[in-house]
């Protein structure tokens, strides 16, 4: 009877040791599995990424607007104040006033020209510096009429 009891106790100890080992292996497997699943992806894909302030208001957005990619910064009223974009026609940077009217624009156009435009209130009146083969500076009144222009044409060399 004592031999049966001793054998049973030995068997129980072996079983408990095996259970502890299996528990340890299971815990390690879970930890390793969790570590593998938290790897950072090399590419994040989304149709838009929004940066929010502490109140949850969108202050910046990397998004597709009118089928063109861009980065857009907004003010506290949700108005776009800065737009950096690329389209088939141009790559540009627009700085807008509180009414979302472009006041400063910088662009490189698909046809090769580029320029800087400073616009008056409500985009009425402007100073536009443009360059493609040669440069020009034009001033526009509130009705869009050219009031003054300077064109940089190549000058023949002096003999």
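Between 121, 69, 54, the GNM of the chain built on Cα springs shorter than 10 angstrom shows 54 fluctuating the most. Give the shape of segment 78-159 as rounded, prolate or oblate, defined through the alpha-carbon gyration tensor: a ≥ b ≥ c are the square roots of its eigenvalues, a/c under 1.5 means rounded, and otherwise the shape is prolate if a/b is larger than b/c and oblate if not. Oblate, since a/c reaches 1.5 and b/c is not below a/b.
With both labels modelled 7 Å from their Cα along Cα-to-Cβ, the residue 91 to residue 8 distance reads 8.3 nm.
Each Cα pair under 8 Å and six or more residues apart adds its separation to the average, and for the chain the resulting relative contact order is 8 percent. Here the sum of -39500 (n - 2.57) over DSSP H runs of 4 or more residues, divided by the residues of the chain, equals -8500 deg cm²/dmol at 222 nm, to the nearest 500.
Could you compute the FRET efficiency for residue 57 and residue 122, with r as their C-beta to C-beta distance and R0 at 25 Å, rounded to 0.05?
0.45
Packing around the peptides 71-83, 19-31, taken as the average count of other Cβ atoms within 10 Å per residue, puts them in this order, highest first: 71-83, 19-31. Using the alpha-carbon atoms, what tilt in degrees (0 to 90, nearest 10) does helix 2-37 show relative to the longest principal axis of the chain? For 2-37 against the chain, the angle is about 0 degrees.
For the pair residue 108 and residue 84, the difference between a 0.36 nm per residue extended length and the Cα-Cα distance amounts to 7.5 nm.
Given (i) 1.10; (ii) 1.35; (iii) 2.27 as candidate values of Cα Rg over 2.2 N^0.38 Å, which corresponds to the one derived from the coordinates? The value matching this structure is (iii).
Just so you know, all these numbers are worked out from the coordinates, no wet-lab data involved. Note that the coordinates shown come from a computational prediction; the quantities given were computed from them, not determined experimentally. Here Cβ is always computed from backbone atoms with ideal geometry, including for glycine, and neighbour counts include all displayed protein chains.
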